[in-house]
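Shown next, in structure tokens, is the structure this report addresses.
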Amino acid sequence: MKRYYNHFNGSTYYSLYDNRGTWQGYINSGGMKMADNAAGSAQSYHKKIKFTQNFPLWQNFNWKKKSTVTDAMKQETYEARYVYRHFNGSNYLSIYDNKGIWQGYINESATRQVN
């Protein structure tokens with residue numbers, strides 16, 4: 001958001017831009033929630049996934065690496081409890097193992113859904 005407008009009807013409208021700086025339009029401030037950071041807000045996801053690539057697992061969205069997916073981890077099924085739709089255009093999943101232990105955030109492109 002670069003600008004906002006106070007409308008005569010009492011509403012505030014934000015002028016929205018994407019991560020490339022291209023203007024997207026206006027949104028009524030009452031119809032959205034401002035995120036604290038570029039990762040956005042956690043959205044409920046709760047899907048079973050498997051890793052498909054040896055991507056990093058992130059500890060946070062300051063890109064501190066927690067670990068890297070190993071070939072052994074690709075054999076296991078995990079639960080992606082939340083998705084973050086990052087301002088950079090990627091979706092990041094918050095991953096938990098079958099014991100409920102948080103593993104980290106991973107780019108959704110390194111996973112596939114399973115039943």
Being closer than 15 Å to Asn88 by Cα and of a type in the set (Val, Ile, Thr) is the filter here, so list the residues in the stretch 11-25 that pass it.
Thr22
How many residues are free of Cβ contacts under 8 Å to residues at least 12 places away in the same chain and in a strand (DSSP E or B) if we restrict to the stretch 4-22?
1
Taking the options Lys64, Lys33, Lys47, name whichever one is more than 30 Å from Asn6 (Cβ to Cβ), of a type outside the set (A, V, I, L, M) and free of Cβ contacts under 8 Å to residues at least 12 places away in the same chain.
Lys64
Strands (runs of 3 or more DSSP E) wholly inside the stretch 23-110 containing at least 1 residues that are open to solvent by 60 Å² or more (accessible area, probe 1.4 Å) and modelled with pLDDT of 95 or more
43-51, 78-85, 102-107
Flagged pairs (Cβ under 6 angstrom, 6 or more apart or on separate chains; first in the stretch 99-110, more than 11 Å from Phe51 (Cβ to Cβ); second open to solvent by less than 50 Å² (accessible area, probe 1.4 Å) and among the hydroxyl-bearing types (Ser, Thr, Tyr)) are Trp102/Tyr96; Tyr105/Tyr92; Tyr105/Ser94
Selection count, the stretch 30-57, where residues are over 12 Å from the mean Cα position of the chain (by Cα) and within 19 Å of Arg85 (Cα to Cα):
13
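The values are calculated or read from the model by the stated rules, or taken from the named source; none is laboratory data. Just so you know, these numbers come straight off a predicted model, no measurement behind them. Cβ sites come from the backbone with ideal geometry, for glycine too, and all protein chains shown count toward neighbours. When the accessible area is computed, the model is the full protein with side chains, heavy atoms only, and any ligands, DNA or RNA have been set aside. Shrake-Rupley method; radii C 1.70, N 1.55, O 1.52, S 1.80 Å.
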